[in-house]
1. Among the numbered conditions (1) open to solvent by 100 Å² or more (accessible area, probe 1.4 Å); (2) closer than 20 Å to Cys76 by Cβ, tell me where Met144 comes up short.
2. Filtering region 91-118 down to residues that are among the aliphatic types (A, V, I, L, M) and in contact (Cβ under 8 Å) with a residue 60 or more places away in the chain, which residue is most open to solvent (accessible area, probe 1.4 Å)?
3. Out of Ile132, Ile121, Ile75, Ile128, report the one residue that is open to solvent by 80 Å² or more (accessible area, probe 1.4 Å) and assigned to a helix (DSSP H, G or I).
4. Here is a list: Ala99, Ala112. Which entry is in a helix (DSSP H, G or I), at pLDDT below 95 and under 17 Å from the mean Cα position of the chain (by Cα)?
5. Does any residue of region 77-85 turn out to be assigned by TED's automatic domain parsing to the domain that holds Met17 and touching a residue at least 60 places away in the same chain (Cβ under 8 Å)?
Amino acid sequence: MNYTLYIGNKNYSTWSMRPWVVMRYFDIPFNEKLVKFDSFNDDSLFKKTMFSVSKYGTVPILIDEDLVISDSLAICEYLAEKHHDLALWPADPKKRAIARSLVAKMHSGFQAIRTYLPMNIEAEFPQIGQIILRDHLEVKKEIMFLDDLLSSLLTSKKIKL
Ligand SMILES: N[C@@H](CCC(=O)N[C@@H](CS)C(=O)NCC(=O)O)C(=O)O
């Protein structure tokens, strides 16, 4: 196995960080190729580099020999299949179903958070945050839903994550 993972900026690109965190957490060795975000215009260095790697022109991309995988969740699923011993998914089918529904929600849900609160780990903008929460009730609603969801899963007596 000789994996290469193309990623974007570690402060802004949540998509890149998803397989990156999984691979680091489970000690799966890989070569990291960090491609700078100059812009997303077709003539940017970022797009030229990524289009030379994949039709999608986005990050993350995992290369495994002749295979090119162009989606963060597809990458994680591939790694789960290749590394059964590491148990990326829970072994129990019920726990796995819950984990998968959480992942699906993270992958395609939370549109308001995605739109108004993009990832920026280095920055702190409490006043802007207050304004966003005041003006966009849907953001507050999603945060409360997420908080409630994770709290109930983490404290559930029936199924512990
Ligand atoms: N669904 C894709 C989304 C990938 C994605 O949109 N990546 C962003 C970086 S955070 C990107 O490369 N954008 C470039 C563009 O949209 O042209 C995944 O899960 O990998």
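The values are calculated or read from the model by the stated rules, or taken from the named source; none is laboratory data. Being a predicted model, the structure only gives us computed values, none of them experimental. So basically every Cβ, Gly included, is an ideal-geometry build from the backbone, and we count neighbours across all protein chains shown. Side chains included, ligands, DNA and RNA excluded: accessible areas come from the protein's heavy atoms. Shrake-Rupley method; radii C 1.70, N 1.55, O 1.52, S 1.80 Å.
1. For Met144, the failing item is (2).
2. For region 91-118, the residue satisfying everything is Ile98.
3. Going through Ile132, Ile121, Ile75, Ile128 in turn, just one is open to solvent by 80 Å² or more (accessible area, probe 1.4 Å) and assigned to a helix (DSSP H, G or I): Ile128.
4. Ala99
5. Checked against the condition, which is being assigned by TED's automatic domain parsing to the domain that holds Met17 and touching a residue at least 60 places away in the same chain (Cβ under 8 Å), region 77-85 yields at least one hit.
Here is a yes/no grid of residues against (1) in a helix (DSSP H, G or I); (2) within 15 Å of the ligand (Cβ to nearest atom); (3) touching a helix residue (DSSP H, G or I) at 6+ places or on another chain (Cβ under 8 Å):
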residue: Met1; (1), (2), (3): no, no, yes
residue: Tyr6; (1), (2), (3): no, yes, yes
residue: Lys10; (1), (2), (3): no, yes, yes
residue: Met17; (1), (2), (3): yes, yes, no
residue: Trp20; (1), (2), (3): yes, yes, no
residue: Met23; (1), (2), (3): yes, yes, yes
residue: Ile28; (1), (2), (3): no, no, yes
residue: Phe37; (1), (2), (3): no, yes, yes
residue: Phe40; (1), (2), (3): no, yes, yes
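Residue-wise test of (1) open to solvent by 60 Å² or more (accessible area, probe 1.4 Å); (2) of a type outside the set (Gly, Ala, Ser); (3) out of contact with any Phe, Trp or Tyr (no Cβ under 9 Å at 6 or more places or on another chain).
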| position | (1), (2), (3) |
| --- | --- |
| Glu65 | yes, yes, yes |
| Leu86 | no, yes, no |
| Leu150 | yes, yes, yes |
| Leu153 | no, yes, yes |
